[in-house]
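Reading through the structure tokens given below for one structure.
Bear in mind these aren't lab numbers, they're just calculated from the coordinates by the rules spelled out. All figures in this text were calculated on a predicted structure; none of them were measured in a lab. Positions of Cβ are backbone-derived with ideal geometry, glycine not excepted, and every protein chain shown enters the neighbour counts.
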């Protein structure tokens with residue numbers, strides 16, 4: 001009888017909404033930005049936003065002019081540095097909103113004495 005009661009709870013409107021909320025939270029992609037920096041911190045900008053899924057990443061430039069599907073977030077960097085010698089790019093991860101997710105196993109640029117990487 002307990003199994004029936006649990007199923008009734010899961011398939012109730014509130015129970016189902018709870019299951020769906022958990023599923024959305026658990027399977028949400030990680031968000032990141034591709035940041036370009038000109039020279040030695042002369043200027044910087046967010047060039048693109050991306051979503052990292054387990055098997056690939058999707059990226060769109062901030063002006064909407066380019067979309068990419070790549071192997072992983074770091075694979076975007078060459079596309080944002082290839083045109084200019086004095087232009088560097090890096091992936092900056094947004095904090096995970098799901099406390100059950102680990103932070104990505106990605107090396108972030110080292111911070112300077114002011115606590116910034118740029």
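Brief remarks follow.
- Within segment 35-63, restricting attention to residues that are closer than 20 Å to residue 83 by Cβ and under 10 Å from the mean Cα position of the chain (by Cα), the residue that is surrounded by the fewest Cβ atoms within 10 Å (Cβ to Cβ) is 49.
- The set of residues in segment 77-98 being surrounded by 11 or more Cβ atoms within 10 Å (Cβ to Cβ) and assigned to a helix (DSSP H, G or I) consists of 77, 79, 80.
- Taking residues in segment 14-38 that are at positive phi and without any contact (Cβ under 8 Å) to a residue 12 or more places away in the chain, and partners anywhere that are surrounded by 10 or more Cβ atoms within 10 Å (Cβ to Cβ) and outside any strand (DSSP E or B), not one pair has Cβ atoms closer than 6 Å while being at least 6 places apart or on different chains.
- Scanning segment 51-76 for residues that are free of Cβ contacts under 8 Å to residues at least 40 places away in the same chain and either assigned to a helix (DSSP H, G or I) or touching a helix residue (DSSP H, G or I) at 6+ places or on another chain (Cβ under 6 Å) (or both) yields a total of 5.
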